[in-house]
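Novice: Quick one: structure below, then a few questions.
The values are calculated or read from the model by the stated rules, or taken from the named source; none is laboratory data. Source: prediction; values computed, not measured. We place every Cβ from the backbone using ideal geometry, glycine too, and count neighbours over all the protein chains shown. To get the accessible areas, we keep the full protein, side chains included, count just its heavy atoms, and leave off ligands, DNA and RNA. Shrake-Rupley method; radii C 1.70, N 1.55, O 1.52, S 1.80 Å.
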Amino acid sequence: MFWIFIFGVLYIPNFVCAFTGDKCYGKIKEYTYQEGDVTIGAFFPLHSYYTHDHVSHEIELYYFQDMYLKYNFMNYQFLLALVFTIEEINRNPHLLPNTTLGFEHHNIKFSEKNILLGPFLWLAGLSNQLVNYNCGQKRNLPAALTGTSWAISAHIGTLLQLYKIPQLTFAYFDSNMNDQSQFKTLYQVAPEDTYLSLALVSLMLHFSWSWVGLIVPNDPRGTQILSEFRDVMESNRICLAFVKMIPGTWNSYSDAIWKNMEKIQESSANVIVICGDIVSLQGLMRHIAQLLVTWKVWVLNSQWDIDYYSDYFMIESFHGSLIFSHHHEEMVEFVNFVQTVNPYTYPEDAYLPKFWVIFFNCSFSEFDCQLLENCQPNASLDLLPRHIFDPTMSEESYNIYNAVHALAHSLHEMTVQQIQTQPYANGDGMAFLPWQGQQLSLSEEMIQWPTQFTKIPQSLCSESCRPGFRKAAQEGKAVCCFDCIPCADNEISNETDMDQCVQCPESHYANSEKNHCLQKSVSFLAYEEPLGMALTITALDFSVLTAVVLVVFVKHRDTPIVKANNRVLSYTLLLTLIICFLSCLLYIGQPNTATCILQQTAFGTLFTVALSTVLAKAIVVVTAFKVTSPARMVKWLIVIGAPNLIIPICTLIQLIICGIWLATSPPFIDQNAHVEHGHIIIMCNKGSAVAFHCVLGYLCSLALGSYTMAFLSRNLPDTFNEAKCLSFSMQVFFCVWITFLPVYHSTKGKVMVAMEVLSVLASSITLLVLIFAPKCYIILLRPDKNSCLDIRHKIHSRKVVI
């Protein structure tokens, strides 16, 4: 009966034995371990207990008299996968050198009160249930491996996250476990389509692909893929050039397929993502293969069965395609490893003796349940029926393989980083934080692109805006489609694809490429530059010329022409003009507070003296020639020099205006960073524009008075009469300053200063040339006219001796 029963269990995946039977069947350890420098915790069920009648045990609480033990042979592959992976890593001299991995597996019972027992023992380093304190050996505990249900992982996760120990679950992906607020240190190894979207976007970001097409099946799954994919792409500024939802009823010869393929081929997107299963999109895939589309990069999702269309994937259409797939590589090494596993090669394994007794006619030794007798030679697990035990690595086992390898590589990377940044001290071993690092790993040199591309393909709606430009959205198009607009004046962009240009500080200016802000240089009307040098030479030359005229007048002071035009007023005017010419030098060179104040006060005061002198000359002429019967009072005023009082009176009024100006809003040094590109212009600010125009207005009133007096005496005898010269000089003076005002206000920076200097020079030269040139001509070239005889031959013989 026993062997009949054994034969029967060959057709079921679980074997059950009662505690009342052979003691070796019911005696099983709840944990299995392998020593190592780093100990991985593994928690998944390999056996379980159950009862039929629920007859309570007389002594043990929570136990029953009719307790039965059940072995799960399919889950046993998980333990073998763990052992295989750890041995493979420990044999690799390039991975975790001088460090061995070990594991500690605890069987998980299907009762909430016992699920956390194994993790407590692992954390405490104990082999019993005394967990109030840690009296075991200190070990490195990098991570825990859990399965096979989400309930088990969830319970264990609540404990492990208190210690910040990562938990890798190899069971099928469950969205409930993806709540980071509840499971902060839990990672699901099994693939999920949401992660596929993240992986696809990571790939696009890696190659800077921002303009891609998407093809999905026209079903609820396709709608979900589109929603997830679009959300992830929009958050990473990747745009969809087109979206095609293909019904599963379309075959490769459908007219709709042809029409859609025309749009796909003509699209400006060079990268096209196809997400769907082989059944729903098989017509499209066959059609693409037939068209030999070699100018597109196809990115395919994990659900494609490549072997199903292996002949098509060798065709040029899909050469260079990038395929995301759930890795189901056939692990031949694992199959070979399973063939070598037996109770003699792994004597610490408590499960193998049970399997050998059940399936290979072995018997337990009378002395030890781990020792076997009368076993069949060459017995191996791969001889068992596949529905009981399949030696081919399952998806869950492969998840375990990947999880342990990922953990090992992470530990290796942290070890390398610690060696590079900080050498070990005092012989201490590797130290790490269990919750460290995740990102897409990609080897570009292993990628073969489609034959149409000689380098990494680009897939953009618009070319990137290089530094110096900003993006401007194209109306009615996706955000990835834009125009590149040059940055405005004094703005820069120093990165590609900037949405806005950045304004340079006032002390800086944008270079010609508009990708850097450069320091502005200080500039002013200097003596060294051509304009400043020309103005300086002109001012000095005319000041010397005026001094020469003064010497000529002093030398010929007793001649009639000098005496007839009031020598004192002539000397005063010439001295004033000399200082006017020299005052132009105040405008040239780097300004300071003193020169700014002197510019305006000297300008106003000196021209007031000059114009009041001209006014006094005009009054003398009018008084002398227009009074029909000179009275004693008029003669007396002329004799005592009353016209000379006009100069101090007019000058005093101007000084009062300038004093008010300086007291209220005096001139000051100002900087203008906007007038000249790349320069900060230092110049004098007038302070009060009203005061400045009051000074100009007062000068114009003096010029108008002088012109009026001179105009009244224009028809008088002109042998020594300078009325016409005075009148003409005032006309030119008016023209200079009337022209000055609009030109002055329309210029900026150094040109404004130069215009002011030119106006002062022009006004001074006008007075010098128009008033004194005729006299110098007579004195120096026509001395024969410089006599009193000419006066007697004129119609008006009135003579004034001064």
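Novice: Mind listing whichever residues of the range 265-283 are open to solvent by less than 10 Å² (accessible area, probe 1.4 Å) and either at pLDDT 75 or above or closer than 19 Å to residue 196 by Cα (or both)?
Specialist: We begin by selecting, within the range 265-283, every residue open to solvent by less than 10 Å² (accessible area, probe 1.4 Å); these are 269, 271-276, 281, 283.
269, 271, 272, 273, 274, 275, 276, 281, listed by residue number.
Novice: For the structure I just gave you, tell me whether residue 11 is aromatic (Phe, Trp, Tyr), loosely packed, with under 15 Cβ neighbours inside 10 Å and modelled with pLDDT under 75. Reasoning before the result, please.
Specialist: Details: aromatic (Phe, Trp, Tyr): yes; loosely packed, with under 15 Cβ neighbours inside 10 Å: yes; modelled with pLDDT under 75: yes.
Answer is yes for this residue.
Novice: Quick check: anything in the range 455-473 in contact (Cβ under 8 Å) with a residue 24 or more places away in the chain, within 26 Å of residue 201 (Cα to Cα), over 19 Å from the mean Cα position of the chain (by Cα) and open to solvent by 70 Å² or more (accessible area, probe 1.4 Å)?
Specialist: Yes, the conditions are met somewhere in the range 455-473.
Novice: Taking the range 126-174 as the region of interest, how many residues are open to solvent by 40 Å² or more (accessible area, probe 1.4 Å), under 19 Å from residue 34 (Cα atoms) and either assigned to a helix (DSSP H, G or I) or modelled with pLDDT under 75 (or both)?
Specialist: 5
Novice: Moving to a separate point now. Working only within the range 572-596, note down all residues that are among the small types (Gly, Ala, Ser) and over 50 Å from the mean Cα position of the chain (by Cα). So that I can check it myself, show each step before the final result.
Specialist: Kept after step one, since they are among the small types (Gly, Ala, Ser), are these residues of the range 572-596: 583, 589, 594.
Residue satisfying the conditions is 583 alone.
Novice: What are the pairs with Cβ atoms under 8 angstrom where one residue, in the range 71-92, is more than 12 Å from residue 404 (Cα to Cα) and the other, located anywhere, is crowded, with 20+ Cβ neighbours inside 10 Å and of a type in the set (Lys, Arg)? Sequence gap at least six, or different chains.
Specialist: Correct list of pairs: 71/354.
Novice: Among the residues of the range 231-261, count how many are more than 30 Å from the chain's Cα centre (by Cα) and modelled with pLDDT of 85 or more. Steps first, please.
Specialist: Within the range 231-261, the subset more than 30 Å from the chain's Cα centre (by Cα) is 243-261.
Adding the requirement that they be modelled with pLDDT of 85 or more leaves 243.
Result for the range 231-261: 1.
Novice: Turning to a different aspect of this structure: Can you tell me which residues in the range 659-673 are farther than 18 Å from residue 595 by Cα and aromatic (Phe, Trp, Tyr)?
Specialist: None; the set is empty.
Novice: I need the full set of residues from the range 691-701 which are open to solvent by 10 Å² or more (accessible area, probe 1.4 Å) and either over 9 Å from residue 661 (Cα atoms) or acidic (Asp, Glu) (or both), in order please.
Specialist: Restricting attention to the range 691-701, the residues satisfying the condition of being open to solvent by 10 Å² or more (accessible area, probe 1.4 Å) are 691, 693-694, 696-698, 700-701.
Scanning the range 691-701 gives 693, 694, 696, 697, 698, 700, 701.
Novice: For the list (1) modelled with pLDDT under 80; (2) buried (at least 23 other Cβ atoms within 10 Å of the Cβ); (3) outside the structural domain of residue 300 (by the TED database), I need the number of the one condition that residue 222 fails.
Specialist: Every listed condition holds for residue 222 apart from (3).
Novice: Among the residues of the range 25-40, which ones are over 19 Å from residue 116 (Cα atoms) and at pLDDT 80 or above?
Specialist: 34, 35, 36, 37, 38 - these are the residues of the range 25-40 that are over 19 Å from residue 116 (Cα atoms) and at pLDDT 80 or above.
Novice: Under the condition of being open to solvent by less than 20 Å² (accessible area, probe 1.4 Å) and either among the aliphatic types (A, V, I, L, M) or part of a loop (DSSP other than H, G, I, E, B) (or both), which residue from the range 41-66 is modelled with the highest pLDDT?
Specialist: Here the answer is 42.
Novice: Filter the range 206-219 for residues that are open to solvent by less than 10 Å² (accessible area, probe 1.4 Å) and assigned to a strand (DSSP E or B); which is farthest from residue 275 (Cα to Cα)?
Specialist: In this case the residue turns out to be 212.
Novice: Let me ask you something else. Please work out if residue 607 is open to solvent by 10 Å² or more (accessible area, probe 1.4 Å) and either modelled with pLDDT under 85 or of a type in the set (Phe, Trp, Tyr) (or both). Working first, answer last.
Specialist: Details: open to solvent by 10 Å² or more (accessible area, probe 1.4 Å): no; either modelled with pLDDT under 85 or of a type in the set (Phe, Trp, Tyr) (or both): yes.
Here the answer is no, as residue 607 does not meet what is asked.
Novice: Here is a list: 100, 85. Which entry is at pLDDT 90 or above and open to solvent by 10 Å² or more (accessible area, probe 1.4 Å)? Walk me through it before giving the result.
Specialist: Details: 85 fails: open to solvent by 10 Å² or more (accessible area, probe 1.4 Å).
That would be 100, the only listed residue that is at pLDDT 90 or above and open to solvent by 10 Å² or more (accessible area, probe 1.4 Å).
Here is a yes/no grid of residues against (1) part of a loop (DSSP other than H, G, I, E, B); (2) open to solvent by 60 Å² or more (accessible area, probe 1.4 Å); (3) within 30 Å of residue 591 (Cβ to Cβ):
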position: 488; (1), (2), (3): yes, no, no
position: 497; (1), (2), (3): yes, no, no
position: 500; (1), (2), (3): yes, yes, no
position: 506; (1), (2), (3): yes, yes, yes
position: 512; (1), (2), (3): yes, yes, yes
position: 535; (1), (2), (3): no, no, yes
position: 544; (1), (2), (3): no, yes, yes
position: 547; (1), (2), (3): no, no, yes
position: 574; (1), (2), (3): no, no, yes
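Novice: Same structure, new question: Name the pairs whose Cβ atoms lie under 8 Å apart, with the first residue in the range 602-616 and more than 13 Å from residue 730 (Cα to Cα), the second among the small types (Gly, Ala, Ser), and 6 or more positions between them or separate chains?
Specialist: From the range 602-616, the pairs are 602/583; 603/583; 606/583.
Novice: What pairs come out if I take residues in the range 11-36 that are farther than 20 Å from residue 81 by Cβ and pair them with residues that are open to solvent by 50 Å² or more (accessible area, probe 1.4 Å) and modelled with pLDDT of 50 or more whose C-beta lies under 6 Å away, six or more apart or interchain?
Specialist: Correct list of pairs: 16/68; 16/70; 18/68.
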